[in-house]
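One structure is given below, encoded as structure tokens.
The values are calculated or read from the model by the stated rules, or taken from the named source; none is laboratory data. From a predicted model like this one, the values you see are computed outputs, not experimental measurements. FYI the Cβ positions are ideal-geometry reconstructions off the backbone, even for glycines, and counts take in every protein chain you see. The accessibility values were calculated without ligands, DNA or RNA, using every heavy atom of the protein model including side chains. Shrake-Rupley method; radii C 1.70, N 1.55, O 1.52, S 1.80 Å.
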Amino acid sequence: MGLFNYWIVIVLMMVGFYTVIARNNLIKTMIGLGIFQVSVFMLYISMGKIADGTAPIRVQPSAGNQALYSNPLPHVLILTAIVVGVATTALGLALVIRIQEAYGTIEEDEIEDQDGPVI
């Protein structure tokens with residue numbers, strides 16, 4: 001059970017990937033992308049956490065004890081990735097709204113039927 005978090009990440013990643021490739025609805029595709037992003041975030045955060053590790057904010061004054069520190073870099077990178085993910089999702093949903101206004105639907109098959117064959 002020590003690698004339980006990696007199994008959860010794999011399941012979430014495959015659910016998100018399946019939702020992206022199997023659905024023709026643009027909103028469901030955006031939800032699948034969001035699930036996939038969350039699985040990647042969980043992967044990086046779980047790799048950056050060390051059991052019984054502390055944040056490297058202050059140094060313990062004792063010379064004989066070596067403190068075990070968690071690396072804060074993955075957490076900082078994921079904070080940035082969350083902001084980028086939210087912005088990407090907002091842009092994608094804005095594009096879906098614009099597509100719905102232009103075509104009257106958000107189903108990929110119906111949009112392709114209205115546009116004609118792609119060369």
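What are the residues in region 30-59 that are under 20 Å from Leu91 (Cβ atoms), in contact with a Ser or Thr (Cβ under 9 Å, 6 or more places away or on another chain) and without any contact (Cβ under 8 Å) to a residue 60 or more places away in the chain, if any?
Ile31, Gly32, Leu33, Gly34, Ile35, Phe36, Gln37
Would you say Leu79 is touching a residue at least 40 places away in the same chain (Cβ under 8 Å) and either in a helix (DSSP H, G or I) or among the charged types (D, E, K, R) (or both)?
No, not satisfied.
Considering each residue of region 7-60, count those that are of a type in the set (Val, Ile, Thr), crowded, with 17+ Cβ neighbours inside 10 Å and farther than 30 Å from Asp109 by Cβ, and give that number.
So the count comes out to 1.
Go through region 17-54 and give me each residue that's assigned to a loop (DSSP other than H, G, I, E, B) and of a type outside the set (A, V, I, L, M, F, W, C).
The answer is Arg23, Asn24, Lys49, Asp52, Gly53.
For (1) open to solvent by 60 Å² or more (accessible area, probe 1.4 Å); (2) under 23 Å from Asn24 (Cβ atoms), each residue gets a yes or a no:
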residue: His75; (1), (2): yes, no
residue: Leu79; (1), (2): yes, no
residue: Val86; (1), (2): yes, no
residue: Ile97; (1), (2): yes, yes
residue: Ala102; (1), (2): yes, yes
residue: Ile106; (1), (2): no, yes
